[in-house]
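First up is the structure itself, then whatever we jot down about it.
The values are calculated or read from the model by the stated rules, or taken from the named source; none is laboratory data. Fair warning: this is a prediction, and the values are worked out from it, not measured in the lab. Methodologically, a virtual Cβ is constructed for each residue, glycine included, from the backbone with ideal geometry; neighbour enumeration extends over all protein chains shown.
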Amino acid sequence: MKNVNKVPIWFMRQAGRYLPEYMEIRSKNPDFLQLCFNPELASEISLQPIKRFDLDFIILFSDILVIPYALGQNVHFLKNHGPSLNCINSKKDINYLNFKECLRKISNIFETIKILSSKKGTKNLIGFCGGPFTVLNYMIEGGTSKTHSKIKKFVKEKKKEALDLLMIVTELSIEYLKMQIDNGANYVQIFESWAGLLESDEYIEFIVKPNKLISQEIKKHSKGIKIIHFPRGSRTNYKTFAEEVYCDVLSLDHSYPQEMLSLLREKNVTVQGNLDPKELLGGAKKVEEKTKEVLEKFKSNNHIFNLSHGILPKTKISNIETVIKVVREHETPK
Ligand code: 1CP
């Protein structure tokens, strides 16, 4: 056998709208959240990209917004519009009872994980939650936002309330991840998709501290679990994040500073990423070129191939196949 390493591969949002087999199930299930709470269908959807592409990681089919739902907020996904939540302003506006009760509301998700765990074979199974600030962003904005003006104002003008709510979301997320691990996930990813909205002290308080607490508590609960962090858009703060927060894997977008790669080598943290999902809307030749560029860029680091953000709904399946072929043919010396 040759002395070589293979780069493992999966795609953020690999289970979703670019797949006709997902759209077929979705067309018969207009309520997206109820689909997330249907263990039979949710496990089938999680396995769709594995059956089609034989990827190395299965990710649970669910959504980060099950946490506001569990806390008693009204959460709906409107057709072609994204999520919609009733707006809240303080801790008083959520009528959660206790974390056990909250988790009971979403306990079907753990049944999905059990099914996936029994079918995973040699694949890895990723459980996930949103980063606490990202979840708070949706809770305060009431949905997708271009300006994020409400959350920025909330953090500045009602800091105490913001930190109280952030702590509730953080503690519930920890319990939620522990349950996912107990039911069979061997990786967890924390999607802090809106980390890039904050700078300096706010970045420390709202991004670093809660993510650090999640890592500490998860490692205490289960040493063997692998933790992937994704503080998207962190730019130079990627360094602060890696220095402060325990990560087994750090997912990078395109904003990271150059010196990250040597820092991550020193800390023995695996790099995940970072092909731009927009490339998957174009031609095959370019996709091949860009995939090779990513492999080259991270060749001296431990690397899990992925995108810099989720797969877009208009992605061509043939382009996904091209990426996988290039990555599978690539070998790095041990
Ligand atoms: O209409 C549909 O069928 C729903 C589309 C969809 C899907 C397939 C949504 C709505 N969520 C998901 C699944 C999902 N979401 C997964 C599991 C599947 C997989 O990854 O393969 C995961 C991990 C998520 C995570 C998620 N949801 C994030 C973090 C990652 C990211 O994209 O930044 C966020 C921010 C959400 C919120 C969300 N869910 C869905 C929408 C349209 C949105 C809003 C996105 C936005 O504000 O732009």
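Worth pointing out:
- Residue within region 224-231 that is in contact with a helix residue (DSSP H, G or I) (Cβ under 8 Å, 6 or more places away or on another chain), aromatic (Phe, Trp, Tyr) and modelled with pLDDT of 95 or more present: no
- Residue within region 176-193 that is among the acidic types (Asp, Glu) and buried (at least 23 other Cβ atoms within 10 Å of the Cβ) present: yes
- Test for residue 162: is it assigned to a loop (DSSP other than H, G, I, E, B), buried (at least 16 other Cβ atoms within 10 Å of the Cβ) and either within 14 Å of the ligand (Cβ to nearest atom) or over 18 Å from the mean Cα position of the chain (by Cα) (or both): no
- From the options 278, 285, 325, residue that is of a type in the set (Lys, Arg), at negative phi and either touching a His at 6+ places or on another chain (Cβ under 8 Å) or within 16 Å of the ligand (Cβ to nearest atom) (or both): 278
- The single condition among (1) farther than 26 Å from residue 39 by Cα; (2) touching a His at 6+ places or on another chain (Cβ under 6 Å); (3) aliphatic (A, V, I, L, M) that residue 94 does not satisfy is (2).
- Residue list for region 1-21, filter: surrounded by 14 or more Cβ atoms within 10 Å (Cβ to Cβ) and farther than 21 Å from residue 110 by Cα: 7, 8, 9, 10, 11, 17, 18, 19, 21
- Number of the exception - residue 62 against (1) assigned to a helix (DSSP H, G or I); (2) closer than 24 Å to residue 174 by Cα; (3) of a type in the set (S, T, N, Q); (4) within 10 Å of the ligand (Cβ to nearest atom): (1)
- Scan of region 186-209 for residues that are under 16 Å from the mean Cα position of the chain (by Cα) and not in a loop (DSSP other than H, G, I, E, B), ordered by number: 187, 188, 189, 190, 191, 192, 195, 196, 207
- Residue match in region 37-44 (condition: in contact (Cβ under 8 Å) with a residue 60 or more places away in the chain, within 10 Å of the ligand (Cβ to nearest atom) and surrounded by 13 or more Cβ atoms within 10 Å (Cβ to Cβ)): yes
- Selection of region 268-298 for residues being under 24 Å from residue 226 (Cα atoms) and surrounded by 13 or more Cβ atoms within 10 Å (Cβ to Cβ) yields 269, 270, 271, 272, 273, 274, 275, 294, 295, 297, 298.
- Residue in region 245-263 that is more than 25 Å from residue 208 (Cα to Cα) and of a type in the set (Ser, Thr, Tyr) present: no
- Just one of the listed residues (31, 56) is over 20 Å from the mean Cα position of the chain (by Cα) and more than 9 Å from the ligand (Cβ to nearest atom), and it is 31.
- The number of residues in region 169-223 that are more than 14 Å from the ligand (Cβ to nearest atom), small (Gly, Ala, Ser) and either in contact with a strand residue (DSSP E or B) (Cβ under 9 Å, 6 or more places away or on another chain) or under 19 Å from residue 249 (Cα atoms) (or both) comes to 3.
- Taken residue by residue, region 11-26 has at least one member that is over 30 Å from residue 291 (Cα atoms), more than 8 Å from the ligand (Cβ to nearest atom) and out of contact with any strand residue (DSSP E or B) (no Cβ under 9 Å at 6 or more places or on another chain).
- Matching residues, region 300-334, being of a type in the set (A, V, I, L, M) and outside any helix (DSSP H, G or I): 304, 307, 311, 312
- Sole residue being of a type outside the set (D, E, K, R), out of contact with any Gly (no Cβ under 9 Å at 6 or more places or on another chain) and farther than 25 Å from residue 190 by Cβ, chosen from 80, 98, 74: 80
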